[in-house]
Amino acid sequence: MRVFLGVTGASGAAYGAHALRALTRAGCEVGLCISESGLKVIAHELFGLGADPTEGRDVLTERFVATYGEHPDRVSVLGLQELTAPFASGSALAPAALIMPCSGSTLGAIAHGAGRNLIHRCADVMIKERRTLVLVPRETPLSPIYLENLLTLSRAGATILPAMPGLYNDPRSVEDMIDFIVGKALDAIGVEHDLLGRWGRER
């Protein structure tokens, strides 16, 4: 299965990292696109480089893929302005896109059709082609503007999957809580995994 994974600038870069690991482990071919703000959050939260890293975009992206892409050969790194990428066209028949985490500005751009980059364009394609789009916002509290954008996108067919981990799985670590959300996202796009227990069944 081919999956587009967009990682944007909301806090919670680990969600995107764990998603990349789980998707490549499941055998998916991943088209990875990271926003400029997303890279800064990755540098700060995952690699301890601060919010203004000296490493260039290519170096940080390669480090992200090498660290979290369990099978890096299954990952195609796509430029933010690479609007000729297959995921930018409905005729490419890409079945699913996951934006994780999804920042408020990305959410607003998608909700209002103001696509300025490949992440926005891919989401727009998923909506217009009635294919699977999963958005994982990580923000709190939520303003009325944010809530209206979420409702607009839900009505347009996107799956809104906030980073709100459940506790019935008896999580023992932050990673368990992250994997709960990643597992729910993979459920939404139809990718098998063993990241979370199923209600009524032992893990």
Unique match (being over 24 Å from Ala88 (Cα atoms) and either of a type in the set (A, V, I, L, M) or out of contact with any Lys or Arg (no Cβ under 6 Å at 6 or more places or on another chain) (or both)) among Arg57, Arg25, Arg74: Arg25
query: In the stretch 17-33, which residues are in a strand (DSSP E or B), of a type outside the set (Gly, Ala, Ser) and touching a helix residue (DSSP H, G or I) at 6+ places or on another chain (Cβ under 6 Å)?
result: Glu29, Val30, Cys33
- request: Give the residue that is nearest to Leu98 (Cα to Cα), with candidates limited to residues of the stretch 130-147 that are in a helix (DSSP H, G or I) and in contact (Cβ under 8 Å) with a residue 12 or more places away in the chain.
  value: Tyr146
message: Please verify whether Arg138 is on the phi > 0 side of the Ramachandran plot and basic (Lys, Arg), treating the condition exactly as stated.
response: no
task: Test Ala14 against the stated conditions and say whether it is in contact with an Asp or Glu (Cβ under 9 Å, 6 or more places away or on another chain), over 27 Å from Thr54 (Cβ atoms) and in a helix (DSSP H, G or I).
output: no
query: What single numbered condition from (1) under 16 Å from the mean Cα position of the chain (by Cα); (2) under 14 Å from His18 (Cβ atoms); (3) among the hydrophobic types (A, V, I, L, M, F, W, C); (4) loosely packed, with under 15 Cβ neighbours inside 10 Å fails to hold for Met164?
result: (2)
query: When you scan the stretch 47-129 for helices (runs of 4 or more DSSP H) that lie fully inside it, which ones turn up with 1 or more residues that are of a type in the set (Asp, Glu) and surrounded by fewer than 16 Cβ atoms within 10 Å (Cβ to Cβ)?
result: 57-68
query: In the list Asp176, Asp170, which residue meets the criterion of being free of Cβ contacts under 8 Å to residues at least 24 places away in the same chain, surrounded by fewer than 18 Cβ atoms within 10 Å (Cβ to Cβ) and closer than 23 Å to Ala26 by Cα?
result: Asp176
Index of the failed condition, Val41 passing every other in (1) within 25 Å of Asp176 (Cβ to Cβ); (2) hydrophobic (A, V, I, L, M, F, W, C); (3) assigned to a loop (DSSP other than H, G, I, E, B): (3)
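Bear in mind that the values in this text are calculations on the coordinates, not laboratory data. Keep in mind that this is a model prediction, so the values were computed, not measured. For neighbour counting, all protein chains shown are included, and Cβ atoms are generated from backbone atoms with ideal geometry for every residue, glycine included.
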